[in-house]
Amino acid sequence: GGRAADDDDDDDVDDGERVAKKRRKAAPAAGGSIVNVSSGLMKFEGHPLFYAMSKSALDTMALGLSKSLPASDGIRINTVAPGTTATDLVSPERAEALKSVVPMGRVARPEEVAECIAFLLEDGSGYCCGATISVTGGR
């Protein structure tokens, strides 16, 4: 039983592709914005290979779609790549240890990642397309 680790990580790419296809069918002439959430942690050692591969595939898919969707459907697609974020998955000890390696001296707050996503969904970011915004505190 059970699925292989790489199958679990394929969901990141499958979900992103599924959202893009559904968005095109829902309102092909209405435009809009898709924001994928990737990871700013892939470039650091110690992260599972298949996780890094799935996030890299998501980034590549988003970049490819950003070249075709705006011209055909007026849809902008961007990516936010957060670093370590203060959630239940990050122990206080881990957050403390990261203070010395993150230039901003702390991990991200979830609201900071959400605000970056919200910006990319707003009309004020109307010319942003194909961007990957790193929310890593400079790491």
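Just so it is clear, none of the values below were taken in a lab; they were calculated from the coordinates. Just so you know, these numbers come straight off a predicted model, no measurement behind them. We place every Cβ from the backbone using ideal geometry, glycine too, and count neighbours over all the protein chains shown.
Quick one: in the range 110-139, of everything that is within 12 Å of the chain's Cα centre (by Cα) and assigned to a helix (DSSP H, G or I), which residue is surrounded by the fewest Cβ atoms within 10 Å (Cβ to Cβ)?
ALA114
Scanning for something loosely packed, with under 14 Cβ neighbours inside 10 Å, over 13 Å from the mean Cα position of the chain (by Cα) and under 24 Å from ILE34 (Cα atoms), does the range 94-107 turn up at least one residue?
Checked against the condition, which is being loosely packed, with under 14 Cβ neighbours inside 10 Å, over 13 Å from the mean Cα position of the chain (by Cα) and under 24 Å from ILE34 (Cα atoms), the range 94-107 yields no hits at all.
Do we have ALA71 as free of Cβ contacts under 8 Å to residues at least 60 places away in the same chain and part of a helix (DSSP H, G or I) here? Give the steps one after another, and end with the answer.
Details: free of Cβ contacts under 8 Å to residues at least 60 places away in the same chain: yes; part of a helix (DSSP H, G or I): yes.
Yes; evaluated as a whole, the condition is true for this residue.
So which residues in the range 43-68 are over 11 Å from THR132 (Cβ atoms), of a type in the set (A, V, I, L, M) and in contact (Cβ under 8 Å) with a residue 24 or more places away in the chain?
MET53, ALA57, MET61, LEU65
What are the pairs, 6+ residues apart or on separate chains, where a residue within the range 86-101 that is in a helix (DSSP H, G or I) has its Cβ under 9 Å from a residue that is surrounded by 10 or more Cβ atoms within 10 Å (Cβ to Cβ) and hydroxyl-bearing (Ser, Thr, Tyr)?
ARG94/THR84; ALA95/THR84; LEU98/THR84
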